[in-house]
Structures are given as C-alpha cells and as structure tokens.
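Structure first, commentary second.
FYI, it's all coordinate maths here, none of it is from the lab. This one's a predicted model, so the numbers in the text were calculated from it and none came from an experiment. Using ideal geometry, Cβ is built from the backbone for each residue, glycine included, and neighbour counts are taken over all protein chains shown.
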Amino acid sequence: MTKKYSIWLRIVIVVVITAVALLITSLMGISMGSSQTDFHSFFNAILGKDSTLLLIIWQIRFPRVLLAAFVGGTLSLGGLVFQALLRNPLAEPYILGISGGAAIGGIIGILLNLSRFPGVCATAFTGSMATLALVFVFSSGKTALAKDSLLLSGVILNSFCAAVIMFLVSIVQDSRLHSIIFWLMGDLSHTDLEHIGYISILLIPCFIFIFGMSHPMNLLLMGKDLAQSMGVRVKTVSLSLLIVTSFMISVTVSYCGLIGFVGLVMPHLLRMLLGSDHRILVPACIFGGGAYMVLCDLLARILPESGEMSVGVITAMIGAPLFIFLLKRPGT
Amino acid sequence: MKPIVCFENVCFQYDQRKILNNISFQVSQGSFFIIIGPNGSGKTSLLKTLSGLEKSSSGQISILNKPVYRYSTKELATVLAYVPQTAPVDFPFTVIDIVRMGRAPHLGIFGDEKKDDLEIARQAMIFTNTDHLANRKINQLSGGECQRVNIARAICQQPHILLLDEPTASLDLGHQTRIMDLMEKLKTEQDMTIIMISHDINLAALYGDHILVLKNGDIVAQGSANDVMTFDILETAYQCIVLVDESPLGKYPRITLVPEKYHYVID
C-alpha cells in the first residue's frame, strides 16, 4: 500500500474494496441455497414472479447472510484487537476464556431445555462474562494488564472449561447431545431479522469505538513504555479495548456458538496484504472478515449433498491453505 | 545555564525495595547529561520516574519548572521522548510508519497527519540517515539501523529532552560513534537536552557535559568527565580496578580496564 495518499483516502480505498467483496459474497449467499441455486430464479423472485422463493430469500437467507457478515467481522476484529493488546501473533478472540465460559453456559441452557433465543443465548452470555471476570481477578493486582498474566489466566481457564464441557457432554445421553454438539461447532442457521436488529445495536457501537482507538493500537504494538512515552494513556486504552472487545465477542459467541479459525487467520491475512496500520486493518477486518464468513457459510450450505456442514470446518479448510500461501509468497 | 530538569529529594520504591534514595540533581538545558553506574544501581528507574512511566514515592521531579505529575501523558510526550535499549517489534511495520508514530502526541486521537507532520518525519529520517530505509520492514533491519529509526521516531516528537537507555549497548564501534555523534548534533544544532544511560564510560567521558554516577540508588559523584572519572570514584562505583590517564585527543580522561592478571602492576 503506497504511502503517498493520506490516511483517509487509504481507508476509503480499502473500505470500498472490502465492502464490494462483502456485497458480492452476500449477493451469492442470498441467491444460492438448497432450494434454488441460480441468479435467474433469484432475479425472478426479486421481481415478484416467485413468491415462495422471495419468502425464503427474505426470511431465511437474508438474515443468515447478515448474521454471517456480523459474526465474521466481529471475530476478525476481535482477533486483531487481542493480537495488538497482548502483542502476541497467536492471540485469537477466544484466548481469554470467553469461548469456554460461553460453551459451559450454553450447554447448561440446553440441558435446562431452554429455548434457543433468548434462553441459551442468555446463559451462554452469562458464562462468558463470568469467565472474563475470573480472568480479570486472576491476573489483577500487581500484575494487572501485564500481557502474560492475562494470557496465561485465559489459557488456563479455557482448558478448565474444556474439561467441564467434556464432562457435561459425557453425562448427556438423549437428543440434547446433538444440540450441544451443533452449538459447539457453531451454527448460523437459527436467526431472523429481529435478532439481527438486536445484535447490530450491540455490535456496531463496539466497531465504532475500536475504529476510534485504532491509532493508539498502532502505538501499543511498540510496547507499553514506548506507547506511553508517545502520549498514549496505556492503562485506560488497553482496559477499555479489552472490555469492549470481550463484550462484542461474547455477544456473537452466545448467539451462534463457537466458530473457530476466522478470528486467528483473517487479521494475519489482512496484515500481510495491507500492512500493520490498524486504522486500515480495523475496517478491513470488519468488512473482509464478514465477506469471508459469508462465503464460508455459503459453501457450508451448498457443498454437502444433503443437509449442511458446520461453517467452522470450511473456515479452517479454506483459511489454512490460503494463509500458508500468503506466508510463503516471495517478497514478504 | 538554566535547569530544564530538576530532581529534589526523590525516592523510589518497587515492591517495598528501595531503588532510589533521596536523589537530587539538575540538568541544564541543552546539555549532554550521562548517567553511569553498575547494573541495578537505579539508572533505568531514574529515567522511568522522569518520564512518568513510574511514580516516585517521595520528592519532586520537575521539567521546565512544572512537576511531572501535573503533565498529561500527551503533554509530557511533547516535552520528553524516550529511546529504549532495543525496541522489539514483532509486527512488520515499515520504517516510515514507525517514524511517523512519533508525531502522535501532536495529533488527534486518530493520528491524522498534515503535510507539516510528513515533512517533520522526512527531516528526522534525513537527519538520522534512515531516509533510504523508508519502505523497509522494521524487523528486517540491523541493530544499528533499528536504533537510528528509533531515534528518528523520537526526534519526530520534537521534544525538548531526549531520554536514551543504553542506546549503543548492542552496537558495533562504528555505530556507537555514529549514534553518539548524532546526539551531539541534536544538542548543538537543535538545542535539545540529551539524558542518556551508558555502560561505556569512555564514550561517556568523550561526549558527556555532565556525568552522574549512581550506585545502589545513591549519587556517588557528579560533574564533568574529569571530575568524576577518577580511580577512586570508579572503583567505588564499579568495584573494579581501572587506570585513568589523558586521552590522546587531549582534555578527556581515558579509562583502561585492568584485568586481574595485571593487578600486581597497580600494587
């Protein structure tokens, strides 16, 4: 990315490119599916010639594509923020134990026969917030915000949660087991526009806040001391970013379960393509991560002969080779 | 010369351990001030309390007649810039990205640069001879190049005072003199005050206008190179035997380490 242009122009260019990618994948996502899979019938439906298909598009595919876009954007952005905050390229959105806590909460919700929304979502959200609070307690005191104590607490809590999850899964025998497994693998299929409305109200302010903090995040990558010597109020900035990001991840995880890989790989992919400036990476992650997730969800729906596979399988199967390809690209 | 930095009876504790005991000294504006002393003598803590990274437990530190704690983080960053020993960056920023970060204290939260800011960054890179590296990745540079980029970033902050924590520690002879010459140029051409920690007492003797010797959190001696670079003071501070004579360049003390096998010569 050339440095001759002002930062705003570079942001606009990147946003336009990633937004177009999101738009194209979304159009594909809306027009293709298990019932009708070509653009011709899609346009017929839009023009009012096929009311059944229009209903499917409007009630099922459109909310699902929106959800995928939000989830992809949130997870990529979450990974980006945690990598900067913990100054660790291996960080991903679930690293602080949010996923483990949400999963335990979600499983308890399912075991209590609660409805998917708001019941299971609420228990999952409670679980993720509880683990987050625990992580803060563990890593606070003299070592507060020292990157390693936070990271270690998160990793340890996550492994403890994994054991609890295995325990819960192994004592369940009935049909609820299937719901649990599906929840753990991540599931974008149960949604409607009303829920998307709630989710967007919660997520969009987080996106805006993180975008506003993108330049201090650049400085944070230079280390705590250097960032402060350049005028960043390190404690305030890191704590607020940590809380906002964890909240945003908890919202998506509680709503659609654990979708892995995208949050680790998308920030790296975009960093390799666009450089390390967070003022560009934040919008790129929101739109680019969204586009990637919409595409993966589409493949997860149309690839299997019958039914659908977990979108997490696709995110990893495409992401890993793509990542290696970019890593090995000459000149990087 | 008027003082720009003033330490008055400053104490600093970390985990109940006393690091600095009742330290008082002044730094004159536009001087090259070098702090020497053995490992663990409190040199880095002294720099950290001055730069607001750590809070002193008692006493007062003022910069330009204003106590450090009354500066906002951002305001302080326009007065003081800090260059660490090494600044490991795991993320592949380009050199120009890093140098431009130095403008942050002068910009809004979003870091939106004006034309002037880019010009200041360009000048800083020319001054430090890093302009040819502009589009290289920081993690692909050598130690000496990296340190020059770091200094360019600090100059970009347009500070009154530059703080450096052993900037030449891992550099070869050529790079050491180039960095020190650069500091002297900043001092004479831009009237910047340089405060540097150094482990190399010969470099300190050659460049320092005023030298402060620390040991166990106390000031052992301070003054010009000829005042403090004496057999007694250096032996007290470092607990090793040295020979002090005049440098062939004249007027500077030259310090020669005496290994144990030659101690008999001294006796």
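Per-structure values
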| read-out | value |
| --- | --- |
| Length-normalised contact order for chain B - Cα pairs under 8 Å, 6+ apart - percent | 23 percent |
| Spatially proximal lysines relative to B:Lys115 (Cα-Cα < 18 Å; intrachain offsets below 8 disregarded) | A:Lys3, A:Lys4 |
| Averaged over A:230-236, number of beta-carbon atoms from partner chains that fall within 10 Å | 6 |
| Rounded D (µm²/s) - region A:69-128, Kirkwood Rh over Cα pairs, Stokes-Einstein at 10 °C, 1.306 mPa s | 129 µm²/s |
| Alpha carbon Rg of the protein assembly as shown, scaled by the compact-globule rule 2.2 N^0.38 Å | 1.17 |
| Mean Cβ neighbour count within 10 Å, used as a protection proxy, ranking A:223-230, A:163-170 highest first | A:223-230, A:163-170 |
| Gyration tensor verdict on region B:201-267 (Cα atoms; rounded if a/c is under 1.5, prolate if a/b is larger than b/c, oblate otherwise) | oblate |
| Cα-based reach from B:Lys18 at 12 Å (exclusive), listing aspartates and glutamates while leaving out same-chain residues under 8 positions away | B:Asp218 |
| Over chain A, relative contact order from alpha-carbon pairs under 8 Å, at least 6 apart, % | 30 percent |
| Rounded Å value of the spacing that divides the Cα centres of region B:1-66 and region A:98-138 | 49 Å |
| Spatially proximal lysines relative to B:Lys66 (Cα-Cα < 24 Å; intrachain offsets below 8 disregarded) | A:Lys235, B:Lys2, B:Lys43, B:Lys48, B:Lys55, B:Lys74, B:Lys187 |
| P(r), alpha carbons of chain A - 20 Å bins starting at zero, rounded % | 31, 57, 12, 0 |
| Region B:1-142 - convex hull of alpha carbons, volume per residue in Å³ | 162 Å³ |
| Distance in nm between pseudo-label sites at B:Glu184 and A:Glu305 (7 Å out along the Cβ direction from Cα) | 8.2 nm |
| Taking region B:162-267 and dividing mean pair separation by its residue count, relative contact order in percent (alpha carbons under 8 Å, at least six apart) | 18 percent |
